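The values are calculated or read from the model by the stated rules, or taken from the named source; none is laboratory data. Being a predicted model, the structure only gives us computed values, none of them experimental. Methodologically, a virtual Cβ is constructed for each residue, glycine included, from the backbone with ideal geometry; neighbour enumeration extends over all protein chains shown. For the accessible areas, the whole protein counts, side chains as well, though only heavy atoms, and no ligand, DNA or RNA atoms are used. Shrake-Rupley method; radii C 1.70, N 1.55, O 1.52, S 1.80 Å.
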Amino acid sequence: MSLLKRLGGGGALPSNEPAVTVAPIPSMAAVAPLPQPQSPPPAHSSPPISAPPINAPSVGTGAISPPVISAPSADGTPPTDQQRILDLSLWCVDRIQASLGNQNDLKRSPETEKLLQERFARVYQQAGVTLPGELVKQLFTMVCDELMGFGPIQQLLNDDSVSEIMINGPNRVYVESKGKLRLTPARFASDEHVLKIIDRIIRPLGRRIDRKWPMVDARLPDGSRVNAIIAPCAIDGSTVTIRKFSKNKLKIDDLVRFGSMTPEMAEFLRACVVSRLNIVVSGGTGSGKTTLLNVLSNFIPEDERIVTIEDSAELQLAQDHVVRLEAKPAEVDGSGRVQIRDLVINSLRMRPERVVIGECRGGETLDMLQAMNTGHDGSLTTLHANTPRDALARMETMSMMAGMDLPLKVIRDQIAAAIDIIVQQSRLDDGQRKVTYITEVQGMEGETVVLQDIFKLEILGKSPEGKIQTEMRPTGVRPRFTPRLEAHGFKLPPSIFGAQIPGQKHR
């Protein structure tokens, strides 16, 4: 059976294709035979590779020398099977890229895959390597991922059970799956290989990373958040963190089904968004703030104009009338930077009915509060804090970063007048993501902002399997803004807030 048929392709190679002259790769039969796997394990559950890295071929430099597959590592340890397959795949990639000429920006499509099958078949036959059928398919997948995707992490990006990918240098790739961190067998050939993938991510966005500015925030085509940092700041190799977003847009019913909130909380939050209350979603890193903000934004009516402002565009609003703004990093000479604060000020001239800020991190907080206090009701944003009270302190601190030199009492008055609801999102020790507080900002008493919890998460204990048992309970207090909800047609029953109905057992 021909190689093309084993890969799922067919037909003969075009007769007018120029031949690619390649030095043969030393036969892999000279080293320990490669085992044929029964079925490849999932990327997030495979055991880690313990062998040290070997000298890999150069990546993307057009090198024509085949990899020395049988060479041991510096400490004498023989290379692993996966190392040899990685080296061979990168060698094939170099040869295929050389044959494609200027066609380096390949998009995944049936036509492109067919072209790569033909080129791969030719390069593989010239390599003089004999592999089992399953490893040939694995090799071809790696070549396609390198040419049309994001290299060794493409399969992790395709895995819906993986929520976060962390590259700690070329030899350590971790993932978060179901709230737990795991080391995967994915690896890169070298730090230059990692830099190539970083460049592939940021190039379409017009962003840069180099030794002068070795950090960058970016996003993948599907909206997944990317942060990269390289040498000299990253001591152990280039580091990349990718926060994946679900391919299917989550709705409030999904969060109820996951146990992140109760149906009563969902109905209450829907009423708050439609009634144009100003809402802050607070939480720690990786707690699910952006996901919750996306879900809450789905409640905004279709006939309203929404302006979103983000450092790196991540929000995925379902409405049609949405204007998306994104901050811009500085040019090489340091000029041309557009900060979130600049976009907040500009957005107020764009006739927004809702302003949604992806995250408040600095002086833009004061501009947001002023916008909320001057007719832009129904705005939403997120910030980093561990409790609702901490969220107030963070807003005070970030407002001071605006450089206006306002008294603390004035800033607190602004916060108390602008913010109606703080929704606290938390990631528990076992990986569960829960809404732990829904808290009303009731106003000022003296120089203190008064908070009142409407819903609060209670920790009940742990199950024998180690899962934290929780219960979200209403506090029994109706919010002071209830008349605003009723004015928009929401007459919530007392049972939502924990009132005891005669003849009905308390939940």
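Can we say Ile340 is open to solvent by 40 Å² or more (accessible area, probe 1.4 Å), touching an Asp or Glu at 6+ places or on another chain (Cβ under 7 Å) and not charged (D, E, K, R)?
It is false that Ile340 is open to solvent by 40 Å² or more (accessible area, probe 1.4 Å), touching an Asp or Glu at 6+ places or on another chain (Cβ under 7 Å) and not charged (D, E, K, R).
If Val323 meets every condition in (1) surrounded by fewer than 17 Cβ atoms within 10 Å (Cβ to Cβ); (2) touching a residue at least 60 places away in the same chain (Cβ under 8 Å) apart from one, which number is that one?
(2)
Which count do you get for residues in region 173-209 that are in a loop (DSSP other than H, G, I, E, B) and free of Cβ contacts under 8 Å to residues at least 12 places away in the same chain?
Total satisfying the criteria: 1.
So which residues in region 167-218 are surrounded by 21 or more Cβ atoms within 10 Å (Cβ to Cβ) and basic (Lys, Arg)?
Hit for region 167-218 is Arg187, nothing else.
So, in region 115-131, exactly how many residues are open to solvent by 40 Å² or more (accessible area, probe 1.4 Å) and under 31 Å from the mean Cα position of the chain (by Cα)?
0
Which one of these does Glu134 not meet: (1) charged (D, E, K, R); (2) open to solvent by 50 Å² or more (accessible area, probe 1.4 Å); (3) at pLDDT 90 or above?
Looking at each condition in turn, Glu134 falls short on (3).
Would a scan of region 443-450 turn up a residue that is crowded, with 16+ Cβ neighbours inside 10 Å and over 28 Å from the mean Cα position of the chain (by Cα)?
So far as region 443-450 goes, yes, one or more of its residues are crowded, with 16+ Cβ neighbours inside 10 Å and over 28 Å from the mean Cα position of the chain (by Cα).
Give the residues of region 457-492 that are open to solvent by 70 Å² or more (accessible area, probe 1.4 Å) and either in contact (Cβ under 8 Å) with a residue 12 or more places away in the chain or assigned to a strand (DSSP E or B) (or both), sorted by residue number.
Ile459, Leu460, Lys462, Lys467, Gln469, Arg473, Arg478, Arg480, Arg484, Ala487, His488
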